[in-house]
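This report concerns only the one structure given below.
Read-outs: derived from the displayed coordinates by stated rules, not from any lab. These figures come from a predicted structure and were not determined experimentally. We place every Cβ from the backbone using ideal geometry, glycine too, and count neighbours over all the protein chains shown.
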Protein chains: 2
Amino acid sequence: MIWDHLRKQLSNDAIGSLGTPTPISGGCISKAFHWGPYFVKTNHITHSAMFRAESDGLMAIADSRCVTTPVVILCSEYDSQAYLVLDHIDMGAPPNPRQLGKELTRMHQQTARNHARPTFGWHQDNFIGSTPQNNGWNANWSDFWRKQRLEPMLNRCLNLGFEFPRSQQLLERIPDILADHHPAPSLVHGDLWTGNADYTTNKTSGSSTPVLFDPAVYLGDREVDLAMSELFGSFGPAFWKGVDEVWPLPPGYQRRRELYNLYHILNHTVLFGASYANQAQTMILNLCR
Amino acid sequence: MIWDHLRKQLSNDAIGSLGTPTPISGGCISKAFHWGPYFVKTNHITHSAMFRAESDGLMAIADSRCVTTPVVILCSEYDSQAYLVLDHIDMGAPPNPRQLGKELTRMHQQTARNHARPTFGWHQDNFIGSTPQNNGWNANWSDFWRKQRLEPMLNRCLNLGFEFPRSQQLLERIPDILADHHPAPSLVHGDLWTGNADYTTNKTSGSSTPVLFDPAVYLGDREVDLAMSELFGSFGPAFWKGVDEVWPLPPGYQRRRELYNLYHILNHTVLFGASYANQAQTMILNLCR
């Protein structure tokens, strides 16, 4: 049994009091449990790479020391199951979107790098939802956005029978759309919709502290996080106030937002089908104008 | 072809000049290549977990910002192969063991933690050589050394037909041997024999800088690294001078050294067979005295 295995792997003085894991509604993909001080996800061992990528992303965000994320306790396999054990964080504190905007933007700013080589990308592939996300390195951001993001996702759509007229034209226009835009390679959360952020009460200060989870990190234009935060809901004006206080956006964000969010709408077409295909097509036509 | 794939994954302005990979003698386990600014290891995809663990360990050491390690560029799979791309570092600068002692001990010191829970261990299993290394968490160091280190390794020996009289007695004596020893959980390299350290010339200062590689990291007693550094060769007295300058050892190290190094001699029995079994048996008897 995986729980006996986990008891052994976590053995400490508190182990006797861990009690029974409580199933909770978590991601759509894995089973999730609240177990004493831990938040445990389990899935079939074929999902091991997803947990590894999640663990790697959470640790990268934690290393930036700018935003709170659940601490990774264990990430491994047992028998036919993969598991991920995180610190359980009590969520549901009052929203503090201005603080979220500040902390996220501090992360973007402090991790922005300017290497002569490997710039945009990540050292390993990960997942956007359950879709594999390619992360090879590109020295050029518009090249990255075409080759590692839009092109592979358009190909996935095509394999599922979703063909988008003028998508080839769009791919060729990316360098134009991004001309004069020279983003720094920032560590981005990568899947920052409103469902992947919450708030916890800081035990020392009593204030409401943002928590980010379920990342799909890479080094990219920080605007991909800001764009996605406006795609399914939004954190509201206080969030933008926080962003502006730390590092105001360069001009032209609104146009790039559509280029960046197209990736997620195409992914939703892959994951959830035809209802998103129309939206993707409209975005492609807008961007070709 | 994996090289065409890597060219795409690494695409940047320098890609045209990368030339042909040069095979070099690397680890005993994987194929190794020098390729432009990169050091590339490849192996069958079944070795993917080994590269992931190596990448995770190198990044943990890098994050401590105390000792130089090769930067992880890519760690992934392609077709039936796993690969790991690291920064290529020119080795062979004059030995600087005092600096190595200082930097290693700074890493041990700066990463020493004192959490109420998960203390000794690591968030994922890794490998010691090609032997799987269990890394569950234990609040108690002597418990960790018994349950996550010596017991599993003795069982591996037993499965191969190597039975060690009095090994059970030794396991039960571990709490006695480690009584009054209360190590902090430090990030340890975990496989620090003399072959896993080298020196490079710092481009700015011109001085010889230590480089650590091939780690098997976890949070444990820093003395495991010091003990192993004396097992197959040694870094010499200047190394110890560097250690003492940063964080002198508590009393009783010599006895613990044998307990810690027994793990590696048992592993050598697993990996290389009977020639190490006698040495292991002698150590067990010594420790039972």
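Among the lysines, select those whose C-alpha is under 28 Å from the C-alpha of B:Lys102, and discard any that sit fewer than 8 residues away in the same chain.
B:Lys203, B:Lys241
State log₁₀ I(q)/I(0) for the stretch A:114-235 at q = 0.16, 0.21, 0.22 Å⁻¹ as given by the Debye formula over alpha-carbon point scatterers of equal weight, solvent excluded.
Evaluating at q = 0.16, 0.21, 0.22 Å⁻¹ gives log10 I(q)/I(0) of -0.88, -1.32, -1.38.
Which one, B:Ala277, B:Asn159, B:Leu170, projects farthest toward the positive side of the charge dipole computed for the protein assembly as shown from Cβ point charges (K/R +1, D/E -1)?
Going by the charge dipole, the pick is B:Leu170.
Could you tell me the center-to-center distance, by alpha carbons, between the stretch A:147-213 and the stretch B:225-289 in angstrom?
Here the two parts' Cα centres lie 50 Å apart.
What does the charge dipole of the stretch B:2-87 about its Cα centre add up to, to the nearest 20 debye, if the Cβ of each Lys and Arg holds +1 and the Cβ of each Asp and Glu holds -1?
Computed charge dipole of the stretch B:2-87: roughly 120 debye.
Based on the alpha-carbon gyration tensor of chain A, what equivalent-ellipsoid semi-axes (square roots of 5 times the eigenvalues) come out, in whole Å, largest first?
Numbers: eigenvalues 226, 105, 58 Å².
Listed largest to smallest, the semi-axes of chain A are 34, 23, 17 Å.
About its Cα centre, what dipole magnitude does chain A give when the only charges are +1 on Lys and Arg Cβ and -1 on Asp and Glu Cβ, stated in debye to the nearest 20?
340 debye
If we hang a label 7 Å off Cα along the beta carbon direction at B:Gln254, how far is it from the matching labels on the other copies, in nm, shortest first?
Relative to the other copies, B:Gln254 has label-point distances of 7.8 nm.
With Cβ to Cβ distances under 13 Å as the rule, what net charge do the other residues near A:Gln110 carry (K, R +1; D, E -1)? It would help to have the intermediate numbers written out before the result.
Working: positive: A:Arg65, A:Lys102, A:Arg106, A:Arg113, A:Arg222; negative: A:Asp63, A:Glu103.
Here the count lands on +3.
Can you tell me the equivalent ellipsoid semi-axes for the protein assembly as shown? Use √(5λ) from the Cα gyration tensor, largest first, whole Å.
Working: eigenvalues 378, 154, 105 Å².
For the protein assembly as shown, the ellipsoid semi-axes come out as 43, 28, 23 Å.
Please list, by residue number, everything in the stretch A:170-190 whose backbone N is under 20 Å from a paramagnetic label point 7 Å out along Cα→Cβ of A:Arg255.
A:170-184
How tilted is helix B:277-288 with respect to the longest principal axis of chain B? Cα atoms for both, answer in degrees (0 to 90, nearest 10).
40 degrees
Counting helices only, and only those DSSP H runs with n ≥ 4, report the 222 nm mean residue ellipticity of the protein assembly as shown as the sum of -39,500 (n - 2.57) divided by its residues, in deg cm²/dmol to the nearest 500.
On the way: 20 runs with 223 residues, N = 578.
After summing the helix terms and dividing by the residues of the protein assembly as shown, the value is -11500 deg cm²/dmol.
Would you mind checking which residues have amide H under 5 Å from B:Ala93's amide H? H placed 1.01 Å from N; only 5 or more apart, or other chain.
Amide H to amide H, under 5 Å and 5 or more residues apart or across chains, B:Ala93 pairs with B:Tyr199, B:Thr200, B:Thr201.
Under 23 Å from the Cα of A:Lys8, which lysines turn up, not counting those fewer than eight places away in the same chain?
A:Lys31, A:Lys41, B:Lys147
Helix A:48-63: angle to the longest alpha-carbon principal axis of chain A, degrees 0 to 90, nearest 10?
On a 0 to 90 degree scale, this one is about 90.
Kirkwood hydrodynamic radius for the stretch B:204-289: how many Å is it when counted over pairs of different Cα atoms?
Over the stretch B:204-289, the inverse of the mean reciprocal pair distance is 14.9 Å.
Amide H to amide H under 5 Å from B:Phe127: which residues, 5+ apart in sequence or cross-chain, H placed 1.01 Å off N in plane?
Those lying under 5 Å, H to H, from B:Phe127 are B:Gln133.
Taking the Cα centre of the protein assembly as shown as the origin, how large is its charge dipole in debye, to the nearest 20, when only Lys and Arg (+1) and Asp and Glu (-1) carry charge on their Cβ atoms? Before the final figure, lay out each step's value.
Numbers: 48 positive and 54 negative charges, 63 e Å.
With only Lys, Arg, Asp and Glu charged at Cβ, the dipole is about 300 debye.
For chain A, what relative contact order do you get, as a whole percent, if you take Cα pairs closer than 8 Å and at least 6 residues apart? Don't skip to the answer; put the middle values down first.
Working: 497 pairs, mean separation 55.7, N = 289.
Taking the mean separation of contacting Cα pairs over the length of chain A, I get 19 percent.
Can you give the net charge of the other residues whose Cβ lies under 15 Å from the Cβ of B:Val270, counting K and R as +1 and D and E as -1? Spell out each step's value before the answer.
Values: positive: B:Arg149, B:Arg156; negative: B:Glu151, B:Glu163, B:Asp191.
Surrounding charge for B:Val270 is -1.
Evaluate 2.2 N^0.38 Å with N set to the residue count of the stretch B:243-289, then give the Cα radius of gyration divided by it.
On the way: Rg = 13.4 Å, N = 47, 2.2 N^0.38 = 9.5 Å.
Here the Cα radius of gyration is 1.41 times the empirical estimate.
So what does log10 I(q)/I(0) come out to for the stretch A:2-87 at q = 0.15, 0.23 Å⁻¹, using the Debye formula with one equal point on every Cα and no solvent?
The calculated log intensity ratios at q = 0.15, 0.23 Å⁻¹ are -0.55, -1.20.
Grab the Cα-Cα distance for B:Gln110 and B:Arg65, subtract it from 0.36 nm times how many residues apart they are, and report the gain in nm with one decimal. Write down the numbers at each step before the final one.
Working: separation 45, 0.36 × 45 = 16.20 nm, distance 0.95 nm.
Answer, rounded to one decimal: 15.3 nm.
In degrees from 0 to 90, rounded to the nearest 10, what is the angle of the helix B:167-177 Cα long axis to the longest principal axis of chain B?
Taking Cα atoms only, the helix is inclined about 90 degrees.
Restricting the count to DSSP beta bridges whose residues both fall in the protein assembly as shown, what percent are antiparallel, rounded to a multiple of 5? If you can, show how the numbers build up before the last one.
Working: 68 of 70 bridges.
Percentage antiparallel, nearest 5: 95.
Between B:Ile24 and residues 5 or more places away or on another chain, which pairs have amide H atoms under 5 Å apart, with H built 1.01 Å from N, and which residues are they?
Amide H to amide H, under 5 Å and 5 or more residues apart or across chains, B:Ile24 pairs with B:Ala32, B:Phe33, B:His34.
Pick out, from A:Tyr83, B:Thr42, A:Val224, the residue whose Cα sits farthest towards the positive end of the charge dipole of the protein assembly as shown, with +1 on the Cβ of Lys and Arg and -1 on the Cβ of Asp and Glu.
The one lying farthest along the dipole's positive direction is A:Val224.
Tally Lys and Arg at +1 and Asp and Glu at -1 over the other residues with C-beta under 12 Å from the C-beta of A:Ala60: what net charge comes out? Don't jump to the answer; show the numbers that get you there.
Values: positive: A:Arg65; negative: A:Glu54, A:Asp56, A:Asp63, B:Asp56, B:Asp63.
Once all neighbours under 12 Å are counted, the net charge is -4.
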